[in-house]
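J.: Questions regarding the structure given below will be posed in turn.
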Amino acid sequence: MTHSGGSSPANNNVPAPQRKRFSLTGRTVPIDLRVDAVRGDLADVELADRVFAPHYAKSCAFTVTQDTELRATASAEGEVITKLKAGERFGLLDVSGDWGWGKCSGVVGYVSAKMIEPV
């Protein structure tokens, strides 16, 4: 029987590669959403060894341009988590509409995108 081209014929003499197996062992690592940048759709790539998420992002360095607030939600009515001072670094992970989500001074929250700029 001759091979007419296209895909190569199966070689039954070559063993299949060994599959790597893993198991979930140990305790679950507690996540604190106040300091660990994790949402249902996104997590900081630095947490990839502890958190499963549909997407990961590496934070981008931004600077707070004027005194403002870090909020719990992407809304001017959202609970104020902490005050941010002009010149502080903000690790931006996501921008949605007029709000940036990320981490500043070890705390995770939302800031008006108008109040930050790239470093």
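The values are calculated or read from the model by the stated rules, or taken from the named source; none is laboratory data. It should be emphasised that the depicted structure is a prediction, and the values quoted were computed from it without experimental measurement. Don't worry about glycine lacking a Cβ; one is built from the backbone with ideal geometry, like all the others, and counts go over all protein chains shown. To get the accessible areas, we keep the full protein, side chains included, count just its heavy atoms, and leave off ligands, DNA and RNA. Shrake-Rupley method; radii C 1.70, N 1.55, O 1.52, S 1.80 Å.
J.: From the list Thr73, Thr82, pick out the single residue that is in contact with a Ser or Thr (Cβ under 8 Å, 6 or more places away or on another chain) and among the hydroxyl-bearing types (Ser, Thr, Tyr).
T.: Numbers: Thr73 fails: in contact with a Ser or Thr (Cβ under 8 Å, 6 or more places away or on another chain).
Only one candidate qualifies: Thr82.
J.: Report whether or not Lys103 is open to solvent by 80 Å² or more (accessible area, probe 1.4 Å), modelled with pLDDT of 95 or more and either basic (Lys, Arg) or assigned to a strand (DSSP E or B) (or both).
T.: Values: open to solvent by 80 Å² or more (accessible area, probe 1.4 Å): no; modelled with pLDDT of 95 or more: yes; either basic (Lys, Arg) or assigned to a strand (DSSP E or B) (or both): yes.
No: the conditions fail for Lys103.
J.: Which is among the β-branched types (Val, Ile, Thr) and free of Cβ contacts under 8 Å to residues at least 40 places away in the same chain, of Val95, Val119, Val35? Give the derivation first.
T.: Numbers: Val119 fails: free of Cβ contacts under 8 Å to residues at least 40 places away in the same chain; Val35 fails: free of Cβ contacts under 8 Å to residues at least 40 places away in the same chain.
On inspection, the qualifying residue turns out to be Val95.
J.: Taking interchain pairs and intrachain pairs at least six residues apart, which have beta carbon atoms under 9 angstrom, with the first residue in the range 67-92 and closer than 12 Å to Met115 by Cβ and acidic (Asp, Glu) and the second open to solvent by less than 60 Å² (accessible area, probe 1.4 Å) and in a loop (DSSP other than H, G, I, E, B)?
T.: Close Cβ pairs satisfying both conditions: Asp67/Ala86; Glu69/Gly78.
J.: Another question, then. Please go through the range 75-97 and pick out each residue that is in a loop (DSSP other than H, G, I, E, B), open to solvent by 50 Å² or more (accessible area, probe 1.4 Å) and in contact with a strand residue (DSSP E or B) (Cβ under 6 Å, 6 or more places away or on another chain).
T.: Matches in the range 75-97: Ala86 only.
J.: Conditions: (1) modelled with pLDDT of 95 or more; (2) more than 20 Å from Gly40 (Cα to Cα); (3) in contact with an Asp or Glu (Cβ under 9 Å, 6 or more places away or on another chain). Arg71 meets all but one. Number of the miss?
T.: The failed condition is (2).
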